[in-house]
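*Asks:* Below are the structure tokens for one structure; questions will follow.
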Amino acid sequence: MSHPTTHARTPGFSLVEVMAAVVIICVGLLGIAKLQALSLSNSNTSRLRALAAIQAASLAASMHSNREYWANVVGAPYSLSFNSAAAPAITSPSDAATAGTAAGYIGAGFGNAACIGTNAGAPMCSNITNPGQLAAFDLALWANSLEALLPNPSATIQCTNSVAVNLPTSCTIQITWTETAVAMTTQEAQYQGSNGTQQFEQPTYLLYVEP
């Protein structure tokens, strides 16, 4: 008498299980891609803020080396502004002559040149003969560097002269630039399109200096 043969079914994955696993993997990969974008954005943000700090310290060093001008600035308070998108790029209601000279150096490309040492016994920059002209050159050189390193930069320098009461001159250097938000939501993009760049995308670096 014959008996029907039974075969044990080999366990495996159904199509539904495979599709569910693929969906889970895709979600995980999207999360990893988002984290990578955020990481790159944060790295770029850190780089720009470090450059702003270096640039502010660079101008502070120039102010220390030219104390004959910066420690005796005229006006209360002294104010000077730099805006890469404006013309002229450097303006000052306190010392229009120095600001105008600095803006002229930028237009002529003079701010890119070195002005240290001598050439055949003569000064490298023979037209710089007083502390105000040296300050103008330093500002032009600094403005060119700032524009090359930061997106849409602007800066203000404000000083308070307290020599009359035996207090040192104090100055602040404030640098502002724009940053791009990588992790922008749809609502944020729409709001920014209607209202312009938001405050958190325009960071400011402030440095206090005593020339």
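*Asks:* What shape does region 20-111 take by its C-alpha gyration tensor, where a ≥ b ≥ c are the square roots of the eigenvalues and a/c under 1.5 counts as rounded, a/b above b/c as prolate, and the rest as oblate?
*Replies:* prolate
*Asks:* Could you give me the ³J(HN,Hα) list for region 202-211, computed from phi with Karplus coefficients 6.51, -1.76, 1.60 and θ = phi - 60°, whole Hz, x at Gly and Pro?
*Replies:* 10, x, 10, 10, 10, 10, 8, 9, 10, x
*Asks:* What list do you get for 92, 58 if you sort them by fewest beta carbons within 10 Å?
*Replies:* By the 10 Å Cβ count, ascending, the order reads 58, 92.
*Asks:* Related question: Quickly rank 167-173, 202-208, 150-156 as a protection proxy: mean count of other C-beta atoms within 10 Å, highest first.
*Replies:* Top to bottom by mean Cβ count within 10 Å: 150-156, 167-173, 202-208.
*Asks:* Sticking with this one: What ranking do 21-27, 83-89 get when scored by the average of other Cβ atoms within 10 Å per residue, highest first?
*Replies:* Ranking, from highest mean packing down: 83-89, 21-27.
We did not get these values from a lab; they are worked out from the coordinates using the rules stated. The structure displayed is predicted, hence computed values, not measured ones. Counting neighbours? That spans all protein chains shown, and the Cβs are built from the backbone with ideal geometry, glycine included.
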